Structures are given as structure tokens and as C-alpha cells.
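The values are calculated or read from the model by the stated rules, or taken from the named source; none is laboratory data. Everything numeric here is computed off the predicted structure, so don't read it as measured data. With ideal geometry, Cβ positions are generated from the backbone for all residues, glycine too; neighbour counts draw on all protein chains shown. The protein model used for the area step is the full one, side chains on, heavy atoms only, and it has no ligands, DNA or RNA in it. Shrake-Rupley method; radii C 1.70, N 1.55, O 1.52, S 1.80 Å.
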Amino acid sequence: VRDGLRELYNTLELPLTPVLAEMEGRGVAIDAAAFQAFLSDVQHELDRLTAEVYAAAGTTFNIRSAQQLGDVLFKTLNLPSPRKTKGGQASTSQQTLEKLAGRHAVVDSILQFRKLEKMRSTYLDPLPRLVDGQGRIHTTFNQKATATGRLSSSNPNLQNIPVRGPLGKRMRACFIAGPGRTLVSADYSQVELRVLAHMSGDSAMCDAFRRGQDIHTRTAAEIHGVPMDQVTPEMRRSAKAVNFGIVYGISGFGLARNAHITRREADGFIRTYFERYPGVRAFMDACVEKGRALGYAETLFGRRRELFELASPNRNVRSFGERAAMNTPVQGTAADIIKLAMVRVWRRLRDEKMESRLILTVHDELIVEAPEAEAEKAAQILREEMEGCVHYAVPLSTDVHTGKNWLEA
């Protein structure tokens with residue numbers, strides 16, 4: 001173990017190993033009948049959309065074939081082809097189709113088809129085949145697969161189960177607690193922004209979290225120069241995109257795309273943001289300087305990410321290195337915090353001789369499966385250990401819920 005990383009290894013990564021092993025062995029229960037009904041409905045909708053596409057295109061073809069789809073869109077229907085693939089073929093990527101949305105009924109139907117097809121082929125079809133004799137699915141957690149130190153999940157990946165919209169909600173409802181048990185879910189609230197407030201020491205940002213204000217509403221008020229009670233949902237939405245974008249070192253171009261605003265507005269937002277939160281600007285600049293001087297970025301727990309990109313003669317590669325220098329300390333520290341919380345929750349459940357067990361972690365969320373009689377105590381332990389695992393300049397906060405399935409929880 002080199003570079004002073006022994007402490008990180010001994011206090012975090014090594015103690016986490018038995019926690020992950022137990023979670024993998026335990027698995028997550030799924031509702032096979034709910035999966036089957038969902039698959040049947042999606043298949044029915046895919047058949048309907050296929051007929052709709054054929055009618056609008058005036059011909060039948062394989063919708064899943066990029067070449068045949070490209071021929072129909074750009075040759076038969078004469079839609080403008082914005083990009084070509086490396087092979088010289090007209091691109092039918094998601095980005096290309098989204099730009100063509102509204103130009104022809106076929107495009108909108110195909111976008112909907114693709115969304116459902118991904119749901120079918122990635123989740124609805126394969127997941128029920130992976131259950132064991134107890135109706136549970138077992139994933140593999142990877143401790144060192146990501147640059148920021150975040151855990152990832154594979155075979156199957158349970159961390160990218162869709163969340164949003166009616167489809168995501170219905171999918172989550174298919175993951176259930178075992179008989180006589182309940183799921184307890186605890187989710188960190190804006191942990192990366194709280195870490196950013198602590199690391200940057202920015203007084204306005206720290207003040208918002210200490211007062212328990214909604215950070216996106218506060219940011220919108222700061223950027224637009226209005227009182228918090230006059231912030232519209234639209235203003236809050238774009239402020240949220242700025243807040244999270246800053247953590248990821250976003251550019252004006254990226255923000256314009258994410259927040260659906262003009263490039264000029266996006267540049268103005270970022271400029272005003274840094275005027276209102278000068279501590280964040282100074283911190284970001286210091287991260288890049290430190291990255292150049294040391295050749296790596298570091299989390300508060302001492303985890304390192306090498307930054308060879310900063311020395312590259314290529315401007316794009318250097319820009320990537322600068323973004324990594326800015327976001328690694330924040331994202332990486334948030335990733336370390338959740339790992340520490342997992343170790344603490346696991347130990348506490350064991351020390352208090354409880355039957356409740358950690359079964360899943362997804363980004364900033366921990367899920368415990370508890371006997372119904374223990375649910376309240378498990379929720380209390382999750383909150384105490386997650387919020388109390390570090391003591392920073394601003395408090396950590398969690399949202400804790402219980403339910404019979406993942407959607408309810």
C-alpha cells in the first residue's frame with residue numbers, strides 16, 4: 001500500500017469487504033408476477049408502436065437495424081441527416097433522433113419504441129431469469145471499478161434501474177421485501193453539494209445548509225436577485241442544473257443543453273453563480289492548481305486519482321483533467337462517506353443483534369430489509385449512522401422511508 005493510502009485501506013475498503021459479501025449473498029427479492037405483467041404490457045405497446053411506425057413510414061423494415069432505419073428516415077422520408085458514423089452511414093443515434101423529434105410522426109414513435117425496447121431487453125426480459133430458488137436476485141458489487149471510488153454493480157447492474165417517470169416507478173415496484181419483512185430506504189440529501197460547501201467554506205452555501213434552506217431555491221434567488229419566496233419552479237429547475245453542473249465542472253455549452261436554455265443564458269448563470277458563491281470559484285481554481293502541482297486529486301479520506309491529463313498537449317484532454325481535478329475531491333469524498341456509512345450501519349445492526357440486513361446501495365441510497373417489528377429501529381439506525389459518520393461544517397441530511405416494495409420505500 002503506497003502513497004499514504006494504508007489508512008484508507010484499513011479503515012474503509014477492508015472493513016467494507018464483508019459488508020458487500022453479505023449483501024451479495026443475501027440478494028434482493030423480486031415480484032415475478034409483477035415483472036411478467038409489466039413485460040406483457042410493454043410487449044403489447046411495442047407491437048402497437050411497430051404498426052404505427054410502419055403506417056407512418058409507408059413500408060415495413062427492422063426498426064432495430066440502424067442501417068434499415070437510416071434508409072427509411074433519410075432516403076425514403078428525406079429527413080435531414082445531421083451526422084454520419086465512422087463507417088460513413090447516416091447516424092441514427094439517440095441524439096440525432098432527438099434533434100429530429102417533431103419533424104415526422106415516425107421519429108416520435110421510434111423514440112418511444114427505443115425507450116420501451118431498452119426497458120424490455122435490459123430489465124424486464126433478463127432479470128426474472130436470474131432469480132434463485134427463493135425468488136431473489138444477486139448482484140456483484142465492485143469496489144475499484146470507478147475513478148471516483150464509487151461502488152458499481154454488475155451481473156446484473158442494479159444501480160441503473162430506471163427511477164423517473166411512470167415506467168421507472170413501475171419497475172421499482174417490482175423489487176419487494178421478503179415475506180414478513182419491509183424495505184427501509186435512506187437517501188442522502190444533496191450530499192455532494194454539502195461536501196462542496198464544507199470543502200470550499202463558501203459562506204453563502206454553508207449558511208443555506210445550516211439554515212435548512214432548499215439549496216436550489218436559494219441559488220435561484222441568488223442568481224436572479226429575487227427573494228426566495230418569489231422563485232418560480234422554472235428558476236429552481238435551472239438553478240438545480242447549475243448547482244449539480246458546478247460539481248461536475250460543467251461548461252456553458254453543457255449547461256445550456258441540460259437546462260434547455262441558450263448558451264448566452266448559461267454563461268451568464270455560471271458567471272453570476274461564481275459571483276454569489278466566490279468561495280466555490282476559489283476552491284475550484286485551487287483544485288486545478290493542486291492537481292497540476294501534485295499530479296493527482298485527493299478526497300478528504302485520502303483517496304487519490306492520478307491526473308496525467310493535466311500535462312497533455314491536447315486541449316480537450318487537458319480540459320477533461322481540469323474537470324476531474326475539480327470534481328474528484330467532492331464526488332470522491334461523497335463516495336467515501338457512503339462507504340463509511342455502510343460499514344457503520346452493518347456493524348450497528350450486528351452489534352444490536354438485529355435480523356435487519358443491508359441488501360442494496362444505489363448512489364447515495366442505502367436499503368435495509370427488516371422484519372416488520374424492526375423497521376422503525378432500522379430506520380433510526382440508518383439515519384443516525386448516515387448523518388453521524390462525519391462531522392463537517394454543514395450537517396448531513398437523509399430522507400428515510402419504509403414500504404413493501406422499493407417504490408413505496
Next item on the list: Might you let me know whether region 88-97 holds any residue that is over 27 Å from His44 (Cβ atoms) and touching a helix residue (DSSP H, G or I) at 6+ places or on another chain (Cβ under 7 Å)?
Entry: yes
Item checked: Subset of region 333-366 (residues that are at pLDDT 95 or above and out of contact with any helix residue (DSSP H, G or I) (no Cβ under 9 Å at 6 or more places or on another chain)) -> Ala335, Arg350, Asp351, Lys353
Next item on the list: Would you please list the contacts, defined by Cβ atoms under 6 Å and residues six or more apart or on different chains, that run from a residue in region 323-350 that is basic (Lys, Arg) to a residue that is open to solvent by 10 Å² or more (accessible area, probe 1.4 Å) and in a helix (DSSP H, G or I)?
Entry: Arg344/Glu385; Arg348/Glu385
Item checked: Which numbered condition Arg150 misses (of (1) buried (at least 16 other Cβ atoms within 10 Å of the Cβ); (2) outside any loop (DSSP other than H, G, I, E, B)) -> (2)
Check: Of everything in region 77-107 that's open to solvent by 70 Å² or more (accessible area, probe 1.4 Å) and part of a helix (DSSP H, G or I), which residue is nearest to Phe38 (Cα to Cα)?
Finding: Gln94
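Tell me yes or no: at least one residue of region 250-257 is under 30 Å from His391 (Cβ atoms), in a helix (DSSP H, G or I) and either β-branched (Val, Ile, Thr) or modelled with pLDDT under 95 (or both). Quick ask: steps written out before the conclusion?
Of all residues in region 250-257, those under 30 Å from His391 (Cβ atoms) come to 250.
Checking which are in a helix (DSSP H, G or I) leaves us with none.
There is no residue in region 250-257 that is under 30 Å from His391 (Cβ atoms), in a helix (DSSP H, G or I) and either β-branched (Val, Ile, Thr) or modelled with pLDDT under 95 (or both).
Quick check on my filter: what residues within region 216-229 are in contact with a helix residue (DSSP H, G or I) (Cβ under 7 Å, 6 or more places away or on another chain) and in a helix (DSSP H, G or I)? Spell out how you get there, then give the answer.
Filtering region 216-229 for residues in contact with a helix residue (DSSP H, G or I) (Cβ under 7 Å, 6 or more places away or on another chain) gives 216-224, 227-228.
If the condition is that a residue be in contact with a helix residue (DSSP H, G or I) (Cβ under 7 Å, 6 or more places away or on another chain) and in a helix (DSSP H, G or I), then His216, Thr217, Arg218, Thr219, Ala220, Ala221, Glu222, Ile223, His224, Met228 are the ones that fit.
Could you tell me how many of the residues in region 367-393 are of a type in the set (A, V, I, L, M), crowded, with 18+ Cβ neighbours inside 10 Å and farther than 21 Å from Pro179 by Cα?
Residues of region 367-393 of a type in the set (A, V, I, L, M): 367-368, 370, 373, 375, 378-379, 381-382, 386, 390, 393.
Now drop any that are not crowded, with 18+ Cβ neighbours inside 10 Å, which leaves 367-368, 370, 375, 378-379, 381-382, 386.
Retained after the next criterion (residues that are farther than 21 Å from Pro179 by Cα): 381-382, 386.
Qualifying residue count, region 367-393: 3.
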Next item on the list: Report whether or not Gly279 is surrounded by fewer than 19 Cβ atoms within 10 Å (Cβ to Cβ) and farther than 25 Å from Arg237 by Cα.
Entry: no
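Can you give me the number of residues within region 178-215 that are in a helix (DSSP H, G or I), within 20 Å of Leu382 (Cα to Cα) and in contact with a Gly (Cβ under 7 Å, 6 or more places away or on another chain)? Full working, then the answer.
Going residue by residue through region 178-215, those that are in a helix (DSSP H, G or I) are 191-200, 203-210, 215.
Of the ones still in play, those that are also within 20 Å of Leu382 (Cα to Cα) are 191-192, 194-195.
When the remaining residues are screened for being in contact with a Gly (Cβ under 7 Å, 6 or more places away or on another chain), the result is none.
So the count comes out to 0.
Select from region 263-307 the residues that are without any contact (Cβ under 8 Å) to a residue 40 or more places away in the chain and touching a strand residue (DSSP E or B) at 6+ places or on another chain (Cβ under 7 Å) and list them in ascending order. Please lay out each step first, then the result.
Step one: of region 263-307, the residues without any contact (Cβ under 8 Å) to a residue 40 or more places away in the chain are 263-268, 270-271, 274-275, 281, 285-286, 288-298, 306-307.
Once the filter is applied, which keeps residues that are without any contact (Cβ under 8 Å) to a residue 40 or more places away in the chain and touching a strand residue (DSSP E or B) at 6+ places or on another chain (Cβ under 7 Å), region 263-307 yields Gly291, Gly295, Tyr296, Ala297, Glu298, Glu306, Leu307.
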Notebook entry, point to check: Within the set of pairs 6 or more residues apart or between chains, which connect a residue that is over 16 Å from Leu358 (Cβ atoms) inside region 130-141 to a residue that is among the aromatic types (Phe, Trp, Tyr) and loosely packed, with under 14 Cβ neighbours inside 10 Å with Cβ atoms less than 9 Å apart?
Noted result: none
Next item on the list: Provide a single number: the residues in region 352-409 that are in contact (Cβ under 8 Å) with a residue 12 or more places away in the chain, touching a Leu at 6+ places or on another chain (Cβ under 6 Å) and closer than 23 Å to Met205 by Cα.
Entry: 1
Check: Before we move on, is Arg211 open to solvent by 30 Å² or more (accessible area, probe 1.4 Å) and at pLDDT 95 or above?
Finding: yes
Item checked: Yes/no for Glu98 being free of Cβ contacts under 8 Å to residues at least 24 places away in the same chain and among the acidic types (Asp, Glu) -> yes
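Take Arg236 and decide whether it is in a helix (DSSP H, G or I), touching a helix residue (DSSP H, G or I) at 6+ places or on another chain (Cβ under 7 Å) and open to solvent by 40 Å² or more (accessible area, probe 1.4 Å). Outline the logic, then answer.
Numbers: in a helix (DSSP H, G or I): yes; touching a helix residue (DSSP H, G or I) at 6+ places or on another chain (Cβ under 7 Å): yes; open to solvent by 40 Å² or more (accessible area, probe 1.4 Å): yes.
The answer is yes for Arg236.
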